[in-house]
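Undergrad: Okay, handing you the structure first.
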Amino acid sequence: MKHRLIGQVMTRDVIKAGYGTAFKRIAESLGRYGISGLPVVDDDGQVLGVVSETDLMLHQSARSDAHRPWYARAHVTRSGRAAREKARARTAGQLMSTPAVTVGPHETVVAAAR
């Protein structure tokens, strides 16, 4: 049985964001192109991280916590601190999840799934 390669199934025209791309522009791109996430790349095109719809939702939900009393918003856990940082995010670099797990076009789909 021959396994398909990533290069055979991947999207070649990738919508991406730079490290400094604004939050609003990322949200607009996800909506306009009907995608659920996009890579954040440096000036050389290397993937630094990924911004997903989940990252955007964390950003919005954490912002709504701002109206709660300080003692109800204590950020003592790692996930609490991460949520606080997402709430303050204004750019792709601040909002992205890292590290990005990537595979090359010559990997099999099975290997990529693993």
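For (1) of a type in the set (D, E, K, R); (2) open to solvent by 60 Å² or more (accessible area, probe 1.4 Å); (3) at negative phi; (4) at pLDDT 70 or above, each residue gets a yes or a no:
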residue	(1), (2), (3), (4)
R68	yes, yes, yes, no
R84	yes, yes, yes, yes
R90	yes, yes, yes, yes
G93	no, no, yes, yes
S97	no, no, yes, yes
H106	no, yes, yes, yes
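Undergrad: May I ask you to verify whether L48 is modelled with pLDDT of 80 or more and either assigned to a helix (DSSP H, G or I) or among the small types (G, A, S) (or both)?
TA: So L48 fails the test.
Undergrad: Considering only the stretch 3-38, state which residues are within 29 Å of V110 (Cα to Cα), touching a Ser or Thr at 6+ places or on another chain (Cβ under 8 Å) and open to solvent by less than 70 Å² (accessible area, probe 1.4 Å).
TA: L5, I6, I15, A17, L30, I35, G37, L38
Undergrad: Now a separate question. Since A62 meets every condition but one in (1) open to solvent by 40 Å² or more (accessible area, probe 1.4 Å); (2) over 21 Å from P105 (Cβ atoms); (3) at pLDDT below 90, which condition does it not meet?
TA: Looking at each condition in turn, A62 falls short on (1).
Undergrad: Moving on to the next point. Any residue in the stretch 5-21 that is closer than 16 Å to V103 by Cα sitting within a Cβ distance under 8 Å of a residue that is among the acidic types (D, E)? List the pairs, counting only those 6 or more apart or interchain.
TA: L5/E107; I6/E107
The values are calculated or read from the model by the stated rules, or taken from the named source; none is laboratory data. Note that the structure is predicted; figures quoted are calculated from it, not measured. All Cβ positions, glycine included, derive from the backbone under ideal geometry; neighbour counts span all protein chains shown. For the accessible areas, the whole protein counts, side chains as well, though only heavy atoms, and no ligand, DNA or RNA atoms are used. Shrake-Rupley method; radii C 1.70, N 1.55, O 1.52, S 1.80 Å.
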